[in-house]
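Worksheet: the structure to be examined is printed underneath.
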Amino acid sequence: ARVYRLNKQCRRDCLQHLETITFGFPSLRRRMNIALRIILVLSLLLFVDSSSSSPVNQKKTKVLILGAGLSGIRAAKTLLDRNITDILILEGEDYTGGRIHALKFANYTIEAGANWIHLVDDDETKPHVERKDAKNIRAITCNYSDIIVRDDKGKDITDFAVLKEFNDKVEHKIEDYQNERRLNKLSDMPARVGFQLMGWKGKRPIERAIEYLNVDFEYAKPPEEFSFYNLFERGKDFFVTDERGLWTLYEDLYKPLEKKTLLNKTVTKIKLNPDSIEAQTSDGWSYQADYALCTFSSGVLASDLVTFEPALPDWKKEAIYKNPLSIYTKIYLKFPKKFWDDHEYILYASKERGRFPVWQDLSRPGIYPVASGMLLITVTGAQGRRIEGQLFNETKAEIMGMLREIYGNGIPEATDIYYRRWSKEPLTQGAYSEPVIILLVSFLFLVDRSLSSPIKQNKTKVLILGAGLSGIKAAKTLLDRNITDILILEGKNYTGGRIHAIEFANHSIETGANWIHFVNDGETKPIVDRRDAKKMQGLTSNYSDILVRDEAGNDITDFAVLREFYDKIEHKIEDYKLKRKGQPDFPARVGMQMMGWSAEQPIKSVIEYFNFDFEFARSPEVVSFHKMFERGEDFFIADRRGVWSMYEDLYKPLEAKTLLGKLVKKIKYNADSVEVQTSDGWSYQADYALCTFSSGVLASDLVTFEPALPDWKKEAIYKNPMSPYTKIFLKFRKKFWDDHEYILFASKERGRFPVWQDLSRPGIFPVSSGMLLITVTGVQGRRIEGQSFNETKAEIMGMLREIYGNGIPEATDIYYRRWSKEPLTQGAYSEPVVGMTSEDWENIGKNLGRLYFAGEATSEDWYGYMQGAYWTGDKKGNMIAENISSSESSRKPGNPNSEATPAKVSSVGILLLPLCLIIMWK
């Protein structure tokens, strides 16, 4: 303002002078007047610009506090109490309090951010509780048992036995179990793995709802994404609903600092010197101090909002990236009247985990009047990010649709809605931090346990459980080594497992494995040789033949973004992993941030998805950085005979030895034999058995092991879970989409039908086929596999019409395999969690007595790929063959059929020795 007033006076004086010197020359006066005006405007702009680009270099204060949230204010007050008064606080918002912020909504005070005082009985919470009591702040003690659970149809499915089960298995035992693991020097793991080891599955909708209330509602992330060691038992919490707002608790801190606090000061640069700190703000000011305290959120520190000079060191950045901001979205709704259940918490047990899962009744004593009609719905994680990215009216429409499904169409319309978009605000970028899983490589090698309980009856030499590629390859390996006494049990009515083709719209499509990945790798050669020998139809995938469209249908393709991903991540991943060799693992998201990649824009998000989720079937938050790799050359098979026909030389000779429809229910194993019981009442016994079940089946209750699998085996299995990878085939009367191999949909909602493959092109199906393939993974894949074909088709048609217009034809057919819902697979392929170690790989494949394990999930190098199934089958087939040969060659000629193990022979010898000595003595 001072600059503007100065130039305004200067302009007025100059114009008066102009009148004097041009009197009598009106045309000249006009021209000079116009010229002078231009000069003055330019000089004003230059003056303002020079003032903003030349910050004041004067030292201003002893201590500079960056951020006026609770942490910054508390630090400043501590300094003040110690007679350090030369303090200045810079705050980017127009208020103090940071993420503690109340506002008026529907004539009530609501908390946009922090709302609870957690763990009120803890000694370190005492200052907060004392402030609450001193201020007579209105709050209620949360009763997490006052719940009702409703399903998609509105049915009351409340079952307190499920809540009790969670509390008994997890909540009340978590700290003891953590201490036990720490005592045994066992590494951290995702909370999901810990839950499974403690006996909690969380698979049914009601179990997922209870789990969400106790986990996501607290940690703002699903159990797959955060550390098991950071779990804790819930304590007593206060929910604050005072008209004065939660920030008034800290009035004694911030009131004395009001004159030392500058609002609307957005810090853009921090210069670190050996003996001073300089902070520059967006309004052109510079603030210098002897000391500075930065209280910015980890989200801000991880962003480009603030430049550090010199740049933050890698060890600091890594720590920041490992503790990202989580999304916790509180949606306040105002209704003319209350119509929902009279419980503190209403849990919505949707088939889609995390869809508006937790509702709080705010229209109750201690919060707001019953007549207030106030309801609070909380979403977290990916759903929170989606909600915060859309309009209030869009969210309200979604919620009203859900509420009407549950309570009927007679309920009133919400009159108002509000939620703070913390994840979208540059100065927060999330609600609060939640550390990722950080695991050290474990060098403990557990001893293989074998158990003896010999079974004398024997039906076959070797029993193979599962007729997928791994089982078939193992059986053929045994056959090639002249071990013919083999029996294969398969639960499905076909061989091939997750390699399976079907007829769809007069074309053969692959419901499972579709690619030969890494065709130039030496270990892929047996598969490539089969492809060539069979002359399989298909094409080499061209991952650069892409087009990107946004939600409005605009072509936003930008190859610079693709090149950026390749230059920063794809081409450098192996070198960066080598650089970090021997250091702790962390989520791929942290690693990509360390390498300079961020995916905040929709186009960057979908490019990332295409190069990451499309390969790993999971988001970077839950995938191990150490398991990332550079993409190789891939071959997409589109042959009418199906991918499985490539392995005809393996399975054809075994057809007579394969029993289909044999669902294994129990496996009894020991040091000498294995017994397998099937659901049809049969029992199969063998000297050796090879189990090739998926990690999803091994982690489930489908098969009972006797004795139970040891914990070291179960932990390894849980650390390598199955991922949903859902391939949605669509048939149209004609092709209307773009003529590119891949069309990427850059939705604001990450993972919403992101990758489309044009199958109507040379090398796949005829152009006239009208065939399109859309792939979804992870949470979205699980959601799609849980709904009907018609529901999914309606969703996709809505999206396609947004992009290509209403004139496009309706899809005439749709199909996708629900791998995650099938008991005998429980997912598409395995993808290890963060921190899966070589020891874990050894344990997942390690035999238990004469029960061996194979399958893609047991391969450290080739998990998730056909190569993993092929080579583990080959390896275990040879291993069993060697053991059989060794066992047979060690038998004495006089007793070739003896079943005694060396241990038994030694036992007999020990018993006979005293008798021999007695005879000799006599």
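The values are calculated or read from the model by the stated rules, or taken from the named source; none is laboratory data. Being a predicted model, the structure only gives us computed values, none of them experimental. Backbone-built Cβ (ideal geometry, glycine too); neighbour counts: all protein chains shown.
May I ask you to list the residues in the stretch 773-807 that are within 25 Å of the chain's Cα centre (by Cα) and among the hydroxyl-bearing types (Ser, Thr, Tyr)?
THR775, THR777, SER788, THR792, listed by residue number.
Please enumerate the residues belonging to the stretch 232-266 that are in a loop (DSSP other than H, G, I, E, B), crowded, with 16+ Cβ neighbours inside 10 Å and in contact with a Lys or Arg (Cβ under 9 Å, 6 or more places away or on another chain).
The answer is THR241, ASP242.
Counting residues that are free of Cβ contacts under 8 Å to residues at least 24 places away in the same chain and surrounded by fewer than 17 Cβ atoms within 10 Å (Cβ to Cβ), which strands (runs of 3 or more DSSP E) fully inside the stretch 484-548 reach at least 1?
Details: elements: 486-489, 501-504, 507-510, 538-540.
In the stretch 484-548, 501-504 are the strands (runs of 3 or more DSSP E) which contain 1 or more residues that are free of Cβ contacts under 8 Å to residues at least 24 places away in the same chain and surrounded by fewer than 17 Cβ atoms within 10 Å (Cβ to Cβ).
Take the stretch 822-857 and flag every residue that is on the phi > 0 side of the Ramachandran plot and surrounded by 24 or more Cβ atoms within 10 Å (Cβ to Cβ).
Answer for the stretch 822-857, where residues must be on the phi > 0 side of the Ramachandran plot and surrounded by 24 or more Cβ atoms within 10 Å (Cβ to Cβ): GLY827, GLY835, GLY855.
Out of all the residues in the stretch 569-594, which are more than 20 Å from ASP188 (Cβ to Cβ), loosely packed, with under 14 Cβ neighbours inside 10 Å and not basic (Lys, Arg)?
Within the stretch 569-594, HIS571, GLU574, ASP575, LEU578 meet the criteria.
ALA292 versus (1) assigned to a helix (DSSP H, G or I); (2) buried (at least 19 other Cβ atoms within 10 Å of the Cβ); (3) hydrophobic (A, V, I, L, M, F, W, C): which is the lone unmet condition?
(1)
Can you pull out every residue in the stretch 606-632 that is aromatic (Phe, Trp, Tyr) and within 19 Å of ARG783 (Cα to Cα)?
Step one: filter the stretch 606-632 for residues aromatic (Phe, Trp, Tyr), giving 609-610, 612, 614, 616, 625, 629.
Within the stretch 606-632, TYR609, PHE614, PHE616 meet the criteria.
From ARG99, ARG29, grab the single residue that is surrounded by 15 or more Cβ atoms within 10 Å (Cβ to Cβ), touching a Ser or Thr at 6+ places or on another chain (Cβ under 8 Å) and at pLDDT 95 or above. Don't jump to the end; show me each part of the working.
Working: ARG29 fails: at pLDDT 95 or above.
Sole residue among the options that is surrounded by 15 or more Cβ atoms within 10 Å (Cβ to Cβ), touching a Ser or Thr at 6+ places or on another chain (Cβ under 8 Å) and at pLDDT 95 or above: ARG99.
Return the residue satisfying two criteria in turn: it lies in the stretch 495-528 and is aromatic (Phe, Trp, Tyr) and out of contact with any helix residue (DSSP H, G or I) (no Cβ under 6 Å at 6 or more places or on another chain), and of such residues it is nearest to SER768 (Cα to Cα). Working first, answer last.
At the first step, the residues of the stretch 495-528 found to be aromatic (Phe, Trp, Tyr) are 504, 515, 518.
Going one step further and asking which of them are out of contact with any helix residue (DSSP H, G or I) (no Cβ under 6 Å at 6 or more places or on another chain), we end up with 504, 515.
Working: PHE504: 15, TRP515: 23 Å.
Once the filter is applied, the top-ranked residue is PHE504.
Just checking, does the stretch 316-333 include any residue being farther than 30 Å from VAL590 by Cβ and at pLDDT 95 or above? Give the steps one after another, and end with the answer.
Here is the first cut: in the stretch 316-333, the residues farther than 30 Å from VAL590 by Cβ are 332-333.
In the following step, the residues that additionally are at pLDDT 95 or above were identified as 332-333.
Within the stretch 316-333, one or more residues are farther than 30 Å from VAL590 by Cβ and at pLDDT 95 or above.
Among the candidates PHE356, PHE335, which residue alone is within 20 Å of VAL779 (Cβ to Cβ) and either in contact (Cβ under 8 Å) with a residue 40 or more places away in the chain or within 30 Å of the chain's Cα centre (by Cα) (or both)? Give the steps one after another, and end with the answer.
Working: PHE335 fails: within 20 Å of VAL779 (Cβ to Cβ).
Unique residue meeting the criteria: PHE356.
How about the stretch 399-443: which of its residues are under 28 Å from the mean Cα position of the chain (by Cα), among the hydrophobic types (A, V, I, L, M, F, W, C), modelled with pLDDT of 90 or more and part of a loop (DSSP other than H, G, I, E, B)?
LEU427, ALA431, listed by residue number.
Quickly run through the stretch 557-568 and pick out the residues that are crowded, with 17+ Cβ neighbours inside 10 Å and farther than 12 Å from ILE607 by Cα.
Answer for the stretch 557-568, where residues must be crowded, with 17+ Cβ neighbours inside 10 Å and farther than 12 Å from ILE607 by Cα: there is none.
For the stretch 693-726, which residues satisfy the criterion of being within 15 Å of LYS201 (Cβ to Cβ) and in a strand (DSSP E or B)?
Result: THR704, MET722.
Tell me, which residue of the stretch 528-555 that is in contact with a Phe, Trp or Tyr (Cβ under 7 Å, 6 or more places away or on another chain) and among the hydrophobic types (A, V, I, L, M, F, W, C) is farthest from GLY763 (Cα to Cα)?
By that ranking, first place goes to ILE546.
Checking ASN136 against (1) exposed (fewer than 15 other Cβ atoms within 10 Å of the Cβ); (2) closer than 13 Å to ARG244 by Cα; (3) within 33 Å of the chain's Cα centre (by Cα), which single condition isn't satisfied?
Failed condition: (3).
Quick one: in the stretch 631-647, of everything that is part of a loop (DSSP other than H, G, I, E, B) and among the small types (Gly, Ala, Ser), which residue is farthest from SER541 (Cα to Cα)? Even if it seems obvious, please write down each step before you answer.
If we filter the stretch 631-647 for residues that are part of a loop (DSSP other than H, G, I, E, B), which is where we start, we get 631-634, 638-642.
Narrowing the set further to residues that are among the small types (Gly, Ala, Ser) leaves 632, 638, 642.
Working: GLY632: 10, ALA638: 12, GLY642: 18 Å.
If we take residues in the stretch 631-647 being part of a loop (DSSP other than H, G, I, E, B) and among the small types (Gly, Ala, Ser), then GLY642 is farthest from SER541 (Cα to Cα).
Only residues that are of a type in the set (S, T, N, Q), closer than 23 Å to MET879 by Cα and assigned to a strand (DSSP E or B): list them for the stretch 664-692, please.
Step one: of the stretch 664-692, the residues of a type in the set (S, T, N, Q) are 670, 673, 677-679, 683, 685, 692.
Adding the requirement that they be closer than 23 Å to MET879 by Cα leaves 670, 673, 685, 692.
Answer for the stretch 664-692, where residues must be of a type in the set (S, T, N, Q), closer than 23 Å to MET879 by Cα and assigned to a strand (DSSP E or B): just GLN685.
Tell me yes or no: at least one residue of the stretch 846-862 is at pLDDT 95 or above, of a type in the set (D, E, K, R), over 28 Å from the mean Cα position of the chain (by Cα) and in a helix (DSSP H, G or I).
No, every residue in the stretch 846-862 fails to be at pLDDT 95 or above, of a type in the set (D, E, K, R), over 28 Å from the mean Cα position of the chain (by Cα) and in a helix (DSSP H, G or I).
When you scan the stretch 105-127, do you find a residue that is more than 27 Å from ALA431 (Cβ to Cβ) and assigned to a helix (DSSP H, G or I), even just one? Lay out the reasoning, then the answer.
In the first step, residues of the stretch 105-127 are kept if they are more than 27 Å from ALA431 (Cβ to Cβ); the result is none.
There is no residue in the stretch 105-127 that is more than 27 Å from ALA431 (Cβ to Cβ) and assigned to a helix (DSSP H, G or I).
Return yes or no: is LYS581 part of a loop (DSSP other than H, G, I, E, B), among the basic types (Lys, Arg), at pLDDT below 95 and under 27 Å from the mean Cα position of the chain (by Cα)? Spell out how you get there, then give the answer.
Values: part of a loop (DSSP other than H, G, I, E, B): yes; among the basic types (Lys, Arg): yes; at pLDDT below 95: yes; under 27 Å from the mean Cα position of the chain (by Cα): yes.
So LYS581 fits the description; yes.
Mind listing whichever residues of the stretch 192-218 are modelled with pLDDT under 90 and either at negative phi or outside any loop (DSSP other than H, G, I, E, B) (or both)?
In the first step, residues of the stretch 192-218 are kept if they are modelled with pLDDT under 90; the result is 201-203.
Within the stretch 192-218, LYS201, LYS203 meet the criteria.
Just to be sure before I move on: is LEU197 farther than 25 Å from ILE147 by Cα and not small (Gly, Ala, Ser) in the structure I sent?
Values: farther than 25 Å from ILE147 by Cα: yes; not small (Gly, Ala, Ser): yes.
When the stated conditions are applied, LEU197 passes them.
Among the residues of the stretch 601-626, write down those that are of a type outside the set (S, T, N, Q), part of a helix (DSSP H, G or I) and over 20 Å from ALA513 (Cα atoms).
Here is the first cut: in the stretch 601-626, the residues of a type outside the set (S, T, N, Q) are 602-604, 606-610, 612-618, 620-623, 625-626.
Then drop every residue that is not part of a helix (DSSP H, G or I), which leaves 602-604, 606-610, 613-616, 625-626.
Once the filter is applied, which keeps residues that are of a type outside the set (S, T, N, Q), part of a helix (DSSP H, G or I) and over 20 Å from ALA513 (Cα atoms), the stretch 601-626 yields PRO602, ILE603, LYS604, VAL606, ILE607, GLU608, PHE625, HIS626.
Please tell me if ASP758 is of a type in the set (Asp, Glu) and loosely packed, with under 14 Cβ neighbours inside 10 Å. Even if it seems obvious, please write down each step before you answer.
Details: of a type in the set (Asp, Glu): yes; loosely packed, with under 14 Cβ neighbours inside 10 Å: no.
For ASP758, the condition - of a type in the set (Asp, Glu) and loosely packed, with under 14 Cβ neighbours inside 10 Å - is not met.
Give all pairs with beta carbons closer than 8 Å in which a residue from the stretch 389-401 that is under 11 Å from ASP416 (Cα atoms) meets a residue that is small (Gly, Ala, Ser); count only pairs at least 6 apart in sequence or on separate chains.
Close Cβ pairs (under 8 Å, with a partner that is small (Gly, Ala, Ser)) amount to LYS396/ALA414.
Looking at (1) within 30 Å of ARG801 (Cβ to Cβ); (2) buried (at least 16 other Cβ atoms within 10 Å of the Cβ); (3) over 18 Å from the mean Cα position of the chain (by Cα), which is the only condition ASN554 fails?
Going through (1) within 30 Å of ARG801 (Cβ to Cβ); (2) buried (at least 16 other Cβ atoms within 10 Å of the Cβ); (3) over 18 Å from the mean Cα position of the chain (by Cα) one by one, ASN554 breaks only (2).
Check GLY770, GLY681 and return the single one that is without any contact (Cβ under 8 Å) to a residue 12 or more places away in the chain and either surrounded by fewer than 21 Cβ atoms within 10 Å (Cβ to Cβ) or more than 19 Å from the chain's Cα centre (by Cα) (or both). Explain how you work it out, then say what you get.
Values: GLY770 fails: without any contact (Cβ under 8 Å) to a residue 12 or more places away in the chain.
It is GLY681.
Could you check how many residues of the stretch 471-491 are under 15 Å from TYR688 (Cα atoms) and of a type in the set (D, E, K, R)? Working first, answer last.
Step one: of the stretch 471-491, the residues under 15 Å from TYR688 (Cα atoms) are 471, 474-475, 477-479, 483-489.
Checking which are of a type in the set (D, E, K, R) leaves us with 485.
So the count comes out to 1.
Answer yes if at least one residue in the stretch 799-808 is touching a Pro at 6+ places or on another chain (Cβ under 7 Å) and modelled with pLDDT of 95 or more, and no otherwise. Show your work before the answer.
Initially, the stretch 799-808 is screened for residues touching a Pro at 6+ places or on another chain (Cβ under 7 Å), giving none.
Taking every residue of the stretch 799-808 in turn, none turns out to be touching a Pro at 6+ places or on another chain (Cβ under 7 Å) and modelled with pLDDT of 95 or more.
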